[in-house]
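The structure under discussion appears below in the form of structure tokens.
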Amino acid sequence: KNAILTHDEL
Amino acid sequence: MNIFRLTGDLSHLAAIVILLLKIWKTRSCAGISGKSQLLFALVFTTRYLDLFTSFISLYNTSMKLIYIACSYATVYLIYMKFKATYDGNHDTFRVEFLVVPVGGLSFLVNHDFSPLEILWTFSIYLESVAILPQLFMISKTGEAETITTHYLFFQGLYRALYLVNWIWRFYFEGFFDLIAVVAGVVQTILYCDFFYLYITKGMSGCALPA
């Protein structure tokens, strides 16, 4: 939790 | 990256560039909802804050920068350079009815209760409804110019291709982002009525019923 999530879509 | 995702991104880019070029070439933003374009600029700004925190690929970074730059350029043309041609009297959708509930929802339903993640969620929800001022404007005036319908077609096609991309990724990568998928489905549904008219009216300046 609270780790920065990576969003690989635009 | 799969073919649906790539063509989706390119459709999105096509929509943005079509609109920008239309305004630039005709020196007019008549029939274009400045409010929708402001919302899209807000969508890109709040979603791509991760440009500062994570690097995914050169493609990813450059597309983000291009989307942001183009959306701000569009807003500049509508509200500054060609302000005289902006049809503000017909652009009467109350954006607070979108921004406030979407803001509230992004606080309540998100993947992680952190500032960046809430802003990302906000952008996803907001994007799904950001076209409403434009559709509302068209339903008020009863028609859209051909080029505006092309813009809407590519906007809708982009989200439809993303849906296929998500089905693909679910089966082949086990990837599933519920928030993005639900918002994407809502967004695509908003274009269905328009798609129908676009195709049946011969892809020309359709008179769109309210």
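Rule-based calculations on the coordinates, nothing more; no lab input. The model shown is predicted, which means the values in this text are computed figures rather than measured ones. Cβ coordinates were reconstructed from backbone atoms using ideal geometry, including for glycine residues, and neighbour counts include every protein chain displayed.
Hey, got the dipole for the stretch B:79-210? About the Cα centre, +1 on K and R Cβ, -1 on D and E Cβ, debye to the nearest 20?
Dipole size: approximately 280 debye.
Using R₀ = 25 Å, calculate the FRET efficiency as 1/(1 + (r/R₀)^6) where r is the Cβ-Cβ separation of B:K140 and B:Y72; round to 0.05.
Result of the calculation: an efficiency of 0.40.
At 222 nm, what helix-only mean residue ellipticity would chain B give, in deg cm²/dmol to the nearest 500, using -39500 (n - 2.57) for each DSSP H run of four or more?
Values: 8 runs with 146 residues, N = 210.
One gets -23500 deg cm²/dmol as the mean residue ellipticity at 222 nm.
Which residues does a label at A:D8 reach in the stretch B:137-179, if reach means a backbone N under 16 Å from a point 7 Å past the Cα toward the Cβ?
B:165-178
How much length is gained on full extension from B:V181 to B:T26, taking 0.36 nm per residue of separation minus their Cα-Cα distance?
Here the answer is 52.1 nm.
Mind checking the angle between helix B:132-141 and chain B's longest principal axis? C-alpha axes, 0 to 90 degrees, to the nearest 10.
Taking Cα atoms only, the helix is inclined about 20 degrees.
Which length gain, in nm to one decimal place, applies between B:M80 and B:I199 when the Cα-Cα distance is subtracted from 0.36 nm times their residue separation?
Full-extension gain reported as 39.4 nm.
Quick check on the stretch B:16-128: take the gyration tensor over C-alpha atoms, sort the square-rooted eigenvalues as a ≥ b ≥ c, and tell me if it's rounded (a/c under 1.5), prolate or oblate.
oblate
If you place +1 on the Cβ of every Lys and Arg and -1 on the Cβ of every Asp and Glu, how big does the dipole about the Cα centre of the protein assembly as shown come out, in debye to the nearest 20?
Result for the protein assembly as shown is approximately 560 debye, rounded to the nearest 20.
Any idea what Rg and Dmax come out to for the stretch B:82-174 if you just take the C-alpha atoms, in Å?
Looking at the stretch B:82-174, its Cα Rg and Dmax stand at 16.8, 51 Å.
Going by alpha carbons, how many degrees (0 to 90, nearest 10) lie between the helix axis of B:96-108 and the longest principal axis of chain B?
Once rounded, one gets 0 degrees.
Looking at chain B, I'd like the Rg to Rh ratio, where Rg is from alpha-carbon atoms and Rh is Kirkwood's inverse mean 1/r.
So for chain B, dividing Rg by the Kirkwood Rh gives 0.95.
Report the rotationally averaged projected area of the stretch B:1-52 based on its alpha-carbon convex hull, in square nanometres.
Over all viewing directions, the stretch B:1-52 projects a mean Cα-hull area of 4.8 nm².
Once you compute Rg and the Kirkwood Rh from C-alpha atoms, what is the Rg to Rh ratio for the protein assembly as shown?
Numbers: Rg = 17.1 Å, Rh = 17.9 Å.
A ratio of 0.96.
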